[in-house]
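Novice: Take this structure, written in structure tokens, and hold onto it; I'll ask about it next.
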Amino acid sequence: PSVSQVALRIRPMSAAELAEGARSIAHRMDEQVVVLRDPMQDPDDVLRASRSREKSYVFDVAFDSTATQETVYHATTQGLVAVVISGYNATIFAYGPTGCGKTYTMLGTDGEPGICTRTLGELFQAIEDSSGDVEYKVSMSYLEIYNEMIRDLLNPSLGCLQLREDASGTVQVAGITEVSAINANEVSQQVLMGHGGDPASPPPPNAAHLPQVMQLLAQGNKQRTQEPTAANRTSSRSHAVLQVTVRRWHQGRGLHHGRLFMIDLAGSERAAQTQNHGQRMKEGAHINRSLLALGNCIKALSHQASTKYINYRDSKLTRLLKDSLGGNSHTVMIAHISPASTAFEESRSTLAYAYRAKSIRTTVRHNLLSVSYSVVANLRREIQRLKGQGAAEPGWPGQGKHRDIPYTQARVRLRGACPELGHVREEMLGACQEQAALCRDHLLQLEGTALRAQHLLTLARRTRRGQRWSEEGQGELDGPGDSEGDLDTGDECLDMPEPPDVAVAHENIVALLEEQGRLRQ
């Protein structure tokens, strides 16, 4: 199916806007329609009296300032939990100008948790409620894009990370920390202690009441780059991306693999409005540039029939959102605006882009690895059998110079059927390299043996020819011109029976040549 949903949320008027004398110009008419009124038009202008001062926008769902966090979550994100568990990809991202409530919607507060916290809670609850014959593995990573640089929020000491694209075209972040979690209260100890073994940064004061996964989320939020501006006292200076990967293994039904992206975008801003200078102005320029690239992608995808090329490489944000925007993902975009008349231009631009994004359609595919449980069981039995055989034989892993190739191949096949058994690719590559070196040594030895055998066979032929000439009274064969080619010309030498040792030499040479060809292959 092709799935894309666009929602709009109007935040309440702020105290600063009310103090400036701003009035509300954005209104929610019903569950889908939002009306924006132009405050600059003069009602006494006779020439433009027939023009409407209001413009209506229709979305999949619209929220006014009275909507609660729970209402927004149920209407936009709750259904995606089952989608991800079933093996599909999904993306939720908040879009809009600075100070319009994007971070509040995605992260929330302790009393009003946002989409990220609610989604993780419901995800682990669904896993706990599942049947006993289903195995789950959940991992998550958390990063930010700050000034076109990618930082790991769970381990900031890693520095600047790079984007990589695998053979299937999926964009990955190389070297990012992944938290493996069994449930909301248990996470990988390696991640909690960090890669270098140093204790992780202390949790927030109220973390004792939160599960450990939520503590990691709160810890990552504390690492985000936030600075006050004239437009927003807690302005996010970076785009935050939380990725949750769910692997579900059901006996007899294969492996389901789903990914969920939850993205809190930094808001677009005008220097005149934010009154930024120096580093804050540079940050705003990077934010606007990446959001411009995102807007260009949305524009191109909305006219995909007439656009042959979508430039996702203009920024790291669009590269990371490539699948989310026009690829294999259920995508939900929650646009945010301010109802204040002083933010009319920003609100109109956001509404135009969000309305245009409605026409984007993403083709969703089921991420299913079809491997039967019997195949995995057979591979496990094969590994156990090879372990039992190799325990008393040289060459078994850890006992000889060369590792047992069939044992390693069985482990690799089992890993392909069930990835959670561990990383054995490096072991397979090392074993193959050792086997190749061993084959090269054997090949060189066989080539030397074949040369010696051919030399002995030539000497035997020369001896036979000399004996025949001696019997006919023509003298010994001792001239330098009597070469192998001269000796082999004529049919009379072929009529003589070969001595037994020469016949054995012929057979040995044929066997050596066959072995040489097999080793070359």
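Novice: Report those helices (runs of 4 or more DSSP H) wholly inside the range 63-153 carrying at least 2 residues which are open to solvent by 60 Å² or more (accessible area, probe 1.4 Å) and without any contact (Cβ under 8 Å) to a residue 24 or more places away in the chain.
Specialist: By residue number, 69-76.
Novice: Now for a different question. Quick check on the range 251-303: of everything there that is among the small types (Gly, Ala, Ser) and more than 30 Å from Val83 (Cβ to Cβ), which residue is modelled with the highest pLDDT?
Specialist: Ala285
Novice: Quick check on my filter: what residues within the range 154-175 are open to solvent by 40 Å² or more (accessible area, probe 1.4 Å) and part of a strand (DSSP E or B)?
Specialist: Selection gives Cys160, Gln162, Arg164, Glu165, Gln172, Ala174.
Novice: Could you tell me whether Ser315 is touching a residue at least 40 places away in the same chain (Cβ under 8 Å), surrounded by fewer than 23 Cβ atoms within 10 Å (Cβ to Cβ) and of a type in the set (S, T, N, Q)?
Specialist: The answer is yes for Ser315.
Novice: Right, another one. Could you list, in sequence order, all residues of the range 323-334 that are touching a Cys at 6+ places or on another chain (Cβ under 9 Å) and within 20 Å of Met106 (Cβ to Cβ)?
Specialist: Leu325
Novice: Now a separate question. Take Asp60 and tell me if it is closer than 30 Å to Thr363 by Cβ, open to solvent by 30 Å² or more (accessible area, probe 1.4 Å) and charged (D, E, K, R).
Specialist: yes
The values are calculated or read from the model by the stated rules, or taken from the named source; none is laboratory data. If you're wondering where the values come from, they're calculated on a predicted model, not measured in any experiment. Here Cβ is always computed from backbone atoms with ideal geometry, including for glycine, and neighbour counts include all displayed protein chains. Calculation scope for accessible area: heavy atoms of the full protein, side chains included, ligands and nucleic acids excluded. Shrake-Rupley method; radii C 1.70, N 1.55, O 1.52, S 1.80 Å.
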